[in-house]
Structures are given as structure tokens and as C-alpha cells.
Amino acid sequence: MSSRHHDIADDLRHQITTGRIKPGERLPSEVGLADRYKVGTVTLRSALAVLQGEGLVEKIHGKGNFVRRPPRKIVYVGGWGTLDPWTAAEAALCVTVRSTTIQAHGHLATLLKVPPGSPLTEFVCISHEGESPHGLARIYIPRDLAPAGVFDDEPSHREAVTRFAVLSVPQAAVRKTVCARPPTPDEASTLRTNFTAPVLAITRVATDSTGRIVEVALLVFPWDRVDAVFTTHHVTEERQTQA
């Protein structure tokens, strides 16, 4: 026999999938739902956790539980590419950006191949459609390479930020590491995703022609809100035979 919280989850799921409760609609308060189903709030929250894990319900801090709208995916273009909202089914994405100066430490110092304590410029970029976040990018650049005026009104600068690309130094190579993993608590909170739902994590390291690391980007996307496209090009090497 199923437990009570599964019965409640089944009932709420039926109301959501049949349209009785519509996408974007706020559910009654947890106290109100607990009273309706005549259970304690612990049992009610367990039922909501089931629906949150299925991606049907999301909890917005300070506002309540809402029926999630069907996720609209964005496209991350690999190779030299970046976040590409123009191929995201015309999703009306916005990007909020915060920049600060920090000191390199631990993993960052290793990735950038700089001494611990070296000054870095950090760009934190969050893409979102309305209140639904789609991706998180933390971009690190040696302080002396940080592009000037990247946040002014120049179209090229705004486009660079929107695409999660703020490089000002020509890069000769970009190496990317891609993996699926559980989100950190900070990532789950920022992206409003369940702790058990995987994220697509991409580490992008750009190097200039001298071998210097000019950018490290740590990108995180919820698994159900992004498609990653990588294109490879066959390089033909021509050899000349000397007579």
C-alpha cells in the first residue's frame, strides 16, 4: 500500500497534468494543503518534494510552491561557441551580470596556472526567462586582461556578456571538460533545481598563442533546460614530398 504522501503527490500530479492547476499557478499554502488532505506539514512537504523531483513543481523562496512551466531549452554551442540564446526556440532570455575582483586560490589558481593570491576579475552571469533561471556562468580572467567597458552600452560588449563570452585577448585554443553531476547547494539555490536532479557542468579554459591561460569559465546548466551541441572539423594536413 502506498504511503500517504504518495497519495497526495498522485492527486496533485493529476490536477497538474489535466490542467486543473495551470503552469505558473501558485499552489495553496503548505498549511492550507496539509489541512485539505488532513495530514501534517511534514507529510505534505514530502509529497511536494516528490513533485519537485519530477520537475512539476518548484518552490520559490518567500513566495511559495508553483506549477512549473514546461522548460524551454537554450542551446550551448561547443567548439569556440558560447551560450547561444538565438537558437533557443526564441526564448526571451535575459542575463544578469555581477563583476568583482577576487584572489586566485585552490582550484582556480591551478586552472589558471597563476600563483595563489593573484588578482582575478570574476564575472557571475545568470541567464533567465522571467523568474526561471536557465544557466549559471562564473568566468575568471587575470586582472590585467579584464576587458575595459564590457558592461557599457556598446552592442558588441552587451552581446559578449549575453553569450557568456568576455574575452578581449585573442585565444589560440579552447579546452572544454563536460560532465553531468549533482548541483552544489549554491547552484541548486541559484538555478532553483532539485538537489537530486543532475546539472551539465562545463569547464572552459582558453589559452593564447603564448600558452598563457586567458580565461577560465565554469558553466552550469540544469539538465532539462539546455542542449549542448559540439561540432568537430576534419583537418587535412598537406605534406610536400621533396624529390
In the range 31-57, what residues are assigned to a helix (DSSP H, G or I) and either under 24 Å from Pro222 (Cβ atoms) or modelled with pLDDT under 90 (or both)? Arg45, Ser46, Ala47, Leu48, Ala49, Val50, Leu51, Gln52, Gly53
How about the range 24-35: which of its residues are more than 26 Å from the chain's Cα centre (by Cα), surrounded by fewer than 14 Cβ atoms within 10 Å (Cβ to Cβ) and touching a residue at least 24 places away in the same chain (Cβ under 8 Å)? Ser29
Taking into account only those residues within the range 7-23 that are surrounded by 12 or more Cβ atoms within 10 Å (Cβ to Cβ) and within 30 Å of the chain's Cα centre (by Cα), which is farthest from Arg45 (Cα to Cα)? Pro23
Is the range 224-232 home to any residue that is touching a residue at least 24 places away in the same chain (Cβ under 8 Å) and touching a Pro at 6+ places or on another chain (Cβ under 8 Å)? yes
Counted residues in the range 186-204 being surrounded by 19 or more Cβ atoms within 10 Å (Cβ to Cβ), of a type in the set (Val, Ile, Thr) and assigned to a strand (DSSP E or B) come to 2
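The values are calculated or read from the model by the stated rules, or taken from the named source; none is laboratory data. Fair warning: this is a prediction, and the values are worked out from it, not measured in the lab. For neighbour counting, all protein chains shown are included, and Cβ atoms are generated from backbone atoms with ideal geometry for every residue, glycine included.
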